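K.L.:
Please find one structure pasted underneath; my questions will follow.
The values are calculated or read from the model by the stated rules, or taken from the named source; none is laboratory data. Bear in mind the structure is a predicted one, so any value in this text is a computation, not a measurement. In this analysis, Cβ positions are derived from the backbone assuming ideal geometry, glycine residues included, and neighbour counts consider all displayed protein chains.
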């Protein structure tokens with residue numbers, strides 16, 4: 001028998017506000033879960049996370065979209081649009097939020113994310129990170145300039161390359177999996193960096209496999225706080241009615257444009273040539289008119 005899913009959000013030990021949020025909603029497509037980590041401190045991180053949660057819940061519940069993947073993407077993009085509008089207020093000009101969301105149907109699991117909040121799948125013998133962090137250090141890892149195990153300790157690990165409110169053309173990453181029943185029950189874990197920066201993957205797996213979801217969520221937060229609790233901490237522990245098949249997975253991962261020195265030199269060169277052309281036309285016009 002599956003335990004009931006559970007989630008906990010804690011302010012931690014060093015923050016005055018809890019800028020994290022989580023939500024759950026029963027939909028015609030299945031159960032929807034999401035975790036948010038607001039950015040911007042007193043300049044609106046809490047507001048951004050709340051806006052994102054409210055907009056996404058509204059879109060998920062009211063949309064007539066029949067495709068779960070399109071539903072997730074469109075809801076996240078709408079939240080991004082609303083946050084961008086609110087950022088026009090100088091008091092909230094630096095606000096934004098991450099999101100990691102899951103839509104769980106009878107035989108499918110859909111995940112979407114923007115930012116560095118994560119989704120893990122815990123199986124009987126393994127834990128697997130599904131989402132990809134949208135951070136500067138993850139780009140360094142992808143480029144082979146930094147080892148994965150060094151990323152969290154990097155002094156710039158907090159720098160995001162993507163979040164809700166950062167870009168009108170924002171694209172979430174999307175992952176789709178088939179769930180196989182009668183072959184074990186995996187566990188989905190959604191969390192913010194306040195958890196995984198202090199509790200490693202194997203510890204997360206050990207806790208969620210050995211306790212009920214409610215006890216596991218509380219225990220994970222307790223461990224993070226015992227190790228400093230430097231950030232807000234949010235975690236959702238969600239038992240799945242089946243085993244996740246990574247062989248039948250589909251991923252739509254948007255790659256950030258990479259700017260190397262060759263690309264930069266090319267664009268600067270083209271810009272310089274355009275300037276010379278414009279300036280030459282301008283001088284020729286002046287000379288012609290002076291005749």
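K.L.:
Considering only region 206-233, state which residues are surrounded by fewer than 18 Cβ atoms within 10 Å (Cβ to Cβ) and within 20 Å of the chain's Cα centre (by Cα).
P.N.:
Scanning region 206-233 gives a single hit, 230.
K.L.:
Does residue 214 count as outside any strand (DSSP E or B), in contact with a strand residue (DSSP E or B) (Cβ under 8 Å, 6 or more places away or on another chain), in the same structural domain as residue 133 (by TED's automatic domain parsing) and modelled with pLDDT of 70 or more? I'd like the intermediate steps shown before the answer.
P.N.:
Details: outside any strand (DSSP E or B): yes; in contact with a strand residue (DSSP E or B) (Cβ under 8 Å, 6 or more places away or on another chain): yes; in the same structural domain as residue 133 (by TED's automatic domain parsing): yes; modelled with pLDDT of 70 or more: yes.
So residue 214 passes the test.
K.L.:
Please work out if residue 83 is assigned to a helix (DSSP H, G or I), in contact with a helix residue (DSSP H, G or I) (Cβ under 9 Å, 6 or more places away or on another chain) and touching a residue at least 40 places away in the same chain (Cβ under 8 Å).
P.N.:
Judged against the criteria, residue 83 is a match.
K.L.:
For region 25-52, name all the residues that are more than 22 Å from residue 9 (Cα to Cα) and either without any contact (Cβ under 8 Å) to a residue 40 or more places away in the chain or touching a strand residue (DSSP E or B) at 6+ places or on another chain (Cβ under 7 Å) (or both).
P.N.:
Kept after step one, since they are more than 22 Å from residue 9 (Cα to Cα), are these residues of region 25-52: 27-30.
Hits for region 25-52 are 28, 29, 30.
K.L.:
I've got another one for you. What is the number of the single condition among (1) surrounded by fewer than 22 Cβ atoms within 10 Å (Cβ to Cβ); (2) over 14 Å from residue 124 (Cα atoms); (3) modelled with pLDDT of 95 or more that residue 236 does not meet?
P.N.:
Answer for residue 236: the failing condition is (1).
K.L.:
Consider residue 52 carefully, then state whether it is part of a helix (DSSP H, G or I), under 16 Å from the mean Cα position of the chain (by Cα) and under 16 Å from residue 232 (Cβ atoms). Working first, answer last.
P.N.:
Working: part of a helix (DSSP H, G or I): yes; under 16 Å from the mean Cα position of the chain (by Cα): yes; under 16 Å from residue 232 (Cβ atoms): yes.
In short, yes.
K.L.:
Still on this structure: With 207, 199 as the choices, which residue is assigned by TED's automatic domain parsing to the domain that holds residue 52, part of a helix (DSSP H, G or I) and more than 15 Å from residue 128 (Cβ to Cβ)? Give the derivation first.
P.N.:
Numbers: 199 fails: part of a helix (DSSP H, G or I).
Going through 207, 199 in turn, the sole match is 207.
K.L.:
For region 113-163, give me each residue that is in a helix (DSSP H, G or I), in contact (Cβ under 8 Å) with a residue 40 or more places away in the chain and crowded, with 22+ Cβ neighbours inside 10 Å. Spell out how you get there, then give the answer.
P.N.:
We begin by selecting, within region 113-163, every residue in a helix (DSSP H, G or I); these are 136-142, 148-150.
If we keep only those that are in contact (Cβ under 8 Å) with a residue 40 or more places away in the chain as well, we get 139.
Selection gives nothing.
K.L.:
Say whether the condition of being more than 29 Å from residue 215 (Cα to Cα), touching a strand residue (DSSP E or B) at 6+ places or on another chain (Cβ under 7 Å) and surrounded by fewer than 22 Cβ atoms within 10 Å (Cβ to Cβ) is met by at least one residue in region 53-62.
P.N.:
Checking region 53-62: at least one residue is more than 29 Å from residue 215 (Cα to Cα), touching a strand residue (DSSP E or B) at 6+ places or on another chain (Cβ under 7 Å) and surrounded by fewer than 22 Cβ atoms within 10 Å (Cβ to Cβ).
K.L.:
Which numbered condition trips up residue 203, out of (1) touching a helix residue (DSSP H, G or I) at 6+ places or on another chain (Cβ under 8 Å); (2) buried (at least 24 other Cβ atoms within 10 Å of the Cβ)?
P.N.:
Failed condition: (2).
K.L.:
Report yes if some residue within region 98-107 is surrounded by 16 or more Cβ atoms within 10 Å (Cβ to Cβ) and either assigned to a helix (DSSP H, G or I) or at pLDDT below 95 (or both); otherwise report no.
P.N.:
Filtering region 98-107 down to residues surrounded by 16 or more Cβ atoms within 10 Å (Cβ to Cβ) leaves 98-104.
Right, trim to either assigned to a helix (DSSP H, G or I) or at pLDDT below 95 (or both) and you get none.
The answer is no, given that none of the residues of region 98-107 is surrounded by 16 or more Cβ atoms within 10 Å (Cβ to Cβ) and either assigned to a helix (DSSP H, G or I) or at pLDDT below 95 (or both).
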